[in-house]
1. Filter segment 42-54 for residues that are part of a helix (DSSP H, G or I) and surrounded by 18 or more Cβ atoms within 10 Å (Cβ to Cβ); which is farthest from the chain's Cα centre (by Cα)?
2. When the residues of segment 104-149 are filtered to those that are of a type in the set (A, V, I, L, M, F, W, C) and assigned to a loop (DSSP other than H, G, I, E, B), which remaining residue is surrounded by the most Cβ atoms within 10 Å (Cβ to Cβ)?
3. Tell me which residues, restricted to segment 59-103, are free of Cβ contacts under 8 Å to residues at least 12 places away in the same chain and either assigned to a loop (DSSP other than H, G, I, E, B) or in contact with a strand residue (DSSP E or B) (Cβ under 8 Å, 6 or more places away or on another chain) (or both).
4. Do you know which residues across segment 1-51 are acidic (Asp, Glu) and in contact (Cβ under 8 Å) with a residue 60 or more places away in the chain?
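What follows draws every value from the coordinates through simple rules; no lab data is involved. Bear in mind that the values here come from a model prediction, so they are computed numbers and not experimental data. Backbone-built Cβ (ideal geometry, glycine too); neighbour counts: all protein chains shown.
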Amino acid sequence: MGISAIIFDCDGVMFDSRRANVDFYNHILSHFGLPPLADDDVAFVHMHTAEESVNHIFRDSPYRAQAQEYRLTKLDHTPFIREMVMEPGLTELLEFLKPRFGLAVATNRSNTIGKVLEFHGLTGYFDIVVSSLDVKNPKPHPEPILKIFDFFGIESHQCLYVGDSEVDWEVCQASGVTLVAYRNRGLKAPYCVDKLLDVLTILPLFS
């Protein structure tokens, strides 16, 4: 059997969100009078859940619990969602794929992913969106991917995953799904593309 479904990571694949993420976490740090993110922390927050990221960047601070509460109950995410830049070719790729494949998002975003998709007009393309709030164990644990397999009634060999980070590589290893690395040739992926529309050149290899 060929490919039946394609899973997309959000940050770094569907969107260039590094600037938005940096501004988001720097805003929280500034709210508590702390200095901005260090370079190592920027890499961490790009790949991990918001809860994990706040715990990490506030690891030496007495404000960890207050920062989590501020993030969840008082912070307006809209300005940071506006800063996210959709990757070139995404809409065109989804337009082609939608009638032919099941489409899913597996992201370590939490309560913001719905707003991100809605704001950027992408909600209708995806059959299932799995955030860190929808599973007990977020990526790189395989639970988000297995949840998508169950939704579509497919097995790992019937699916492709488009990701850009080490966490994406790890979740593909754990779930058995084939990784298409997006703009990261340092990942040990069998396929790598520098443009999203190039995903279409890989699909015939599985027919």
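1. Here the residue is VAL54.
2. Selected residue: LEU122.
3. Matches in segment 59-103: ARG59, ASP60, PRO62, LYS74, ASP76, PRO99, ARG100.
4. Correct list: ASP9, ASP11, ASP16, ASP23, GLU51.
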